[in-house]
Amino acid sequence: MLVILFILNVASTYGDWHKYGGTLENTHFQRMKGAMMGLPDIKWSYVTGNWVESSGPAVADVDGDGNVEVLVGSYDRKVYCLDGSTGTREWSYVTGNVVNSSPAIGDVDGDGSVEVVLGSEKVYCLNGSTGALEWSYTTGGGVSSPALCDIDVDGNVEVIVGSDDAAVYCLNGSTGALEWSYTTGGMIQSSPAIGDIDGDLDLEVVVGSYDSTAYCLNGSTGVLKWSYVTGGVVCSSPAIADVDGDLSMELVMGSCDKKVYCFGGSTGTPKWSYVTGGQISSSSALGDVDGDGSVEVVVGGGDQKVYCLSGSNGTQKWSYTNATSGGVHRGVSIADIDSDNKIEVLLPNAGGMTNFFLIALNGEDGSFLWGKTLDFDIHDITIADVDGDECVELVVGTQGSDKVWVLDDMANSTGCGPFAVEEPSSHESHKLEVKVISNKIYLSLQNSASVKLSLYDITGRLLNVIYNGSLSSGSYTFTPTIKQSGIYFVILKADGLTYPLKIIKF
């Protein structure tokens, strides 16, 4: 039985291996809210055999038991599967080298169960329930965080990775066999971003390379669509979104030439660039962080600063200076972590040798909210609901203590739900109607609109893009594919307005 409820009240050089937030576009924006209204409490921690700060944790129900697990890699050459509520180890798998890559999670072979895919010296595909190896693929070097997607729309999932051997690989999800590869002029440590960035209704793969170049590849064939040469190494992971409100997609990426670039998705021509005071090896977070109705770009620099830039023209809105001696060489994450319907910016503080904070900033002006002392050093922050209470927690790994940490509000609040950005009457003013009957979503448009329907699980992890494109006026029916029982959310976007749907599958 499937019940869908419409919610009216909703909106030096380092490789950046982590794919934030579970989205193929790498926007690093978590749509589930939290209840951390002040300094968060430690819910649990787990000690591995070595550093865990370089592998950003992934969160999902990988064994189909209805409970969420935390997946993370370590320098002890292992990937760990931990119970999300308690931190108890469920299984681990030994790879052939350190694990810098963040795990990607999905049913890649179409058998109805979930697999865990990660990079080390190989690409590994593991059974989500047991951790047993299903297949592996050897590239010519270390492997970036994978992206999982039916990239050629043939009904089968592909695995896309970058490698230190300067190549992008597209692998068959069922067998690990190579479907295509593309060789750049330098090693690839950025996580691939995937999306229809040129409006041709086909998917593209975008990566950065150590040859100072951003590449856009045809997702089906791997053929180069465009490239752009920056003035420095590109190890920042790209992010894809309509950042300037023109209803076409842009690509945002940093470079070690100290610039943040915004490229037009169709041509690769820069729309704007912003010069910082240090190299940009971290990835950008994209979202309306200050509540003005437009998208901002938030990115950390090697000059110890975090910058908030206008997505429309790249002008600075605010900046925050990191208190320690190190640059901000890892990406920030954005979410409403205190349920005030305002966005906070989460900053991993990795510099210096003291005061190692997980830092929260006010998205409106970049002012300091709180800092949590954990250990040296923090790289990547995953924001997700790990215990099934419908409120997000913060998941990080550290170097000094070799720990995975989960932070939560001290009251263990429940029922936070999705981020709310729209007034109840907004769908009426937009001439849009939504009705839900059984497992079908009925959408009626009085005017043509750009529409995107995305399916998320309770952790905030993107499961599927149900539809993404332009629709003329008329009535449409969409049926989300949901295999397991639980709570899900569908986010409907129509010309910039947001309408969440809550789904309960029994």
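Residues in the stretch 228-250: is at least one part of a strand (DSSP E or B) and surrounded by fewer than 19 Cβ atoms within 10 Å (Cβ to Cβ)? Yes; the residues of the stretch 228-250 include at least one that is part of a strand (DSSP E or B) and surrounded by fewer than 19 Cβ atoms within 10 Å (Cβ to Cβ). Residues considered: THR221, THR183. Of these, the only one that is within 28 Å of ASN464 (Cβ to Cβ) and open to solvent by 40 Å² or more (accessible area, probe 1.4 Å) is THR221.
The set of residues in the stretch 134-156 that are over 19 Å from SER220 (Cα atoms), open to solvent by 10 Å² or more (accessible area, probe 1.4 Å) and of a type in the set (Gly, Ala, Ser) comprises SER136, GLY140, GLY141, GLY142.
Comparison of GLY131, GLY141 shows that the only residue that is part of a loop (DSSP other than H, G, I, E, B), modelled with pLDDT of 95 or more and of a type outside the set (S, T, N, Q) is GLY131.
Only one of VAL159, VAL99, VAL116 is in contact with a Leu (Cβ under 7 Å, 6 or more places away or on another chain), farther than 27 Å from THR221 by Cβ, open to solvent by less than 10 Å² (accessible area, probe 1.4 Å) and in a strand (DSSP E or B). Can you tell me which?
Details: VAL159 fails: farther than 27 Å from THR221 by Cβ; VAL99 fails: in a strand (DSSP E or B).
One residue alone meets the criteria, VAL116.
Might you let me know whether the stretch 454-464 holds any residue that is of a type in the set (A, V, I, L, M, F, W, C) and either over 22 Å from PRO103 (Cα atoms) or at pLDDT 85 or above (or both)? There is no residue in the stretch 454-464 that is of a type in the set (A, V, I, L, M, F, W, C) and either over 22 Å from PRO103 (Cα atoms) or at pLDDT 85 or above (or both). Each residue in the stretch 82-96 was checked for being assigned to a strand (DSSP E or B) and surrounded by fewer than 24 Cβ atoms within 10 Å (Cβ to Cβ), and 7 of them qualify. Residue count for the stretch 208-227 satisfying the condition of being over 22 Å from the mean Cα position of the chain (by Cα), aliphatic (A, V, I, L, M) and not in a loop (DSSP other than H, G, I, E, B): 1. With respect to the stated conditions, VAL62 is modelled with pLDDT under 95 and either of a type in the set (Val, Ile, Thr) or part of a strand (DSSP E or B) (or both). A search for C-beta distances below 7 Å between a residue of the stretch 375-386 that is outside any strand (DSSP E or B) and any residue that is open to solvent by 10 Å² or more (accessible area, probe 1.4 Å) and modelled with pLDDT under 80, counting only pairs 6+ apart in sequence or on different chains, returns ASP375/PHE356; PHE376/MET353; PHE376/PHE356; ASP377/ALA350; ASP377/PHE356; ASP385/ILE458. Within the stretch 94-112, the residues that satisfy the criterion of being more than 24 Å from the chain's Cα centre (by Cα) and not β-branched (Val, Ile, Thr) are GLY96, ASN97, ASP111.
Residues that are within 27 Å of PRO418 (Cα to Cα) and open to solvent by less than 10 Å² (accessible area, probe 1.4 Å) within the stretch 384-403 comprise ALA384, ASP385, VAL386, CYS391, VAL392, GLU393, LEU394, VAL395, VAL396, GLY397, listed in sequence order. Listed by position, the strands (runs of 3 or more DSSP E) inside the stretch 271-335 whose residues that are open to solvent by less than 10 Å² (accessible area, probe 1.4 Å) number at least 1 are 285-287, 296-300, 305-310, 333-335.
The values are calculated or read from the model by the stated rules, or taken from the named source; none is laboratory data. Fair warning: this is a prediction, and the values are worked out from it, not measured in the lab. No Cβ is skipped: glycine too gets one built from the backbone with ideal geometry, and neighbour counts run over all protein chains shown. Areas reflect the complete protein model, heavy atoms only, side chains present, ligands, DNA and RNA absent. Shrake-Rupley method; radii C 1.70, N 1.55, O 1.52, S 1.80 Å.
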